[in-house]
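The values are calculated or read from the model by the stated rules, or taken from the named source; none is laboratory data. Since the structure is predicted, the reported quantities are computational estimates derived from the model, not experimental observations. Because the Cβ atoms are built from the backbone with ideal geometry, glycine has one as well, and the counts that use them run over all protein chains shown. Ligands, DNA and RNA are excluded from the accessible area calculation, which covers all protein heavy atoms including side chains. Shrake-Rupley method; radii C 1.70, N 1.55, O 1.52, S 1.80 Å.
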Amino acid sequence: MSKIQHDQSLGLLLRSLLKENALSMRKLSSLTGIDTATISRIINGKQQANLHHLKQFAHYLNTPLEALIDPAGAASNHTENELETGIHYSIDKIQEILKSFNIVDTNFTIERVEQELTKYKQYAQTDEGHSMICNNFQTKIEQVGSVGTFIDQLKQMYLEYCNEETSAAKRSILGSALLYFILPTDIIPDYVFPIGYLDDAIAVQLVMNQLTE
């Protein structure tokens, strides 16, 4: 099933569950803490639901999480840890998923993530890169929601990046991970569920390793 078909299927199911529970999108937003506009985009197939979204929907719409995972396009046999960290995916599995989404460039490697981070490290030292981080990080966080441990790590990185006592050298390294997360030109597009943020998580880990060296 294609991404669009998955999104439409999930949208129809969510509409039905809202009706069954006598809830509006605005009320669901109030219960889940997910922005009404985000819920609307998910229902209308304009945004991919992440695991955090699905957990909240399942809880407040009184339905099993598994009933939402399959329509959302995630295989039901993936564990929560696998969906959140992606560490258990092999390179071959990642490329297989990318091919299923008809993505032309499926040559995913850790080295490519490292190359992107090197480029963003330089960009973070520019006024434009700095403005990009300061003006767009919070917005991207709100769009993504809580999608695993690496989000908390990114938030901590952002706080350290904004700390005036952080050295310029360290700030540029932190900025490389933040820019990788913010900018849309990922090696793995964010909409590829459930691995869309795998490369972002890897980028965070690589940067953390740099900072501890």
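Being buried (at least 20 other Cβ atoms within 10 Å of the Cβ), among the hydrophobic types (A, V, I, L, M, F, W, C), modelled with pLDDT of 95 or more and over 30 Å from LEU68 (Cα atoms) is the requirement here; does MET157 meet it? Yes; evaluated as a whole, the condition is true for this residue.
Before we move on, is LEU31 over 21 Å from THR139 (Cβ atoms), without any contact (Cβ under 8 Å) to a residue 40 or more places away in the chain, assigned to a helix (DSSP H, G or I) and over 17 Å from the mean Cα position of the chain (by Cα)? Yes: the conditions hold for LEU31. For the range 103-143, taking the residues that are of a type in the set (S, T, N, Q), loosely packed, with under 13 Cβ neighbours inside 10 Å and assigned to a loop (DSSP other than H, G, I, E, B), the one that is farthest from the chain's Cα centre (by Cα) is identified as THR126.
Among residues that are modelled with pLDDT of 65 or more, on the phi > 0 side of the Ramachandran plot and outside any helix (DSSP H, G or I), ASN62 is included.
Could you tell me whether any residue of the range 84-99 is open to solvent by 20 Å² or more (accessible area, probe 1.4 Å), in contact with a Leu (Cβ under 8 Å, 6 or more places away or on another chain), at pLDDT 70 or above and not aromatic (Phe, Trp, Tyr)? No - not one qualifying residue is present in the range 84-99. Out of all the residues in the range 187-203, is one or more more than 23 Å from ILE94 (Cβ to Cβ) and of a type outside the set (D, E, K, R)? No, the range 187-203 contains no residue that is more than 23 Å from ILE94 (Cβ to Cβ) and of a type outside the set (D, E, K, R). Note on the range 161-172: among residues that are within 13 Å of VAL207 (Cα to Cα) and open to solvent by 30 Å² or more (accessible area, probe 1.4 Å), the one that is nearest to the chain's Cα centre (by Cα) is ARG171.
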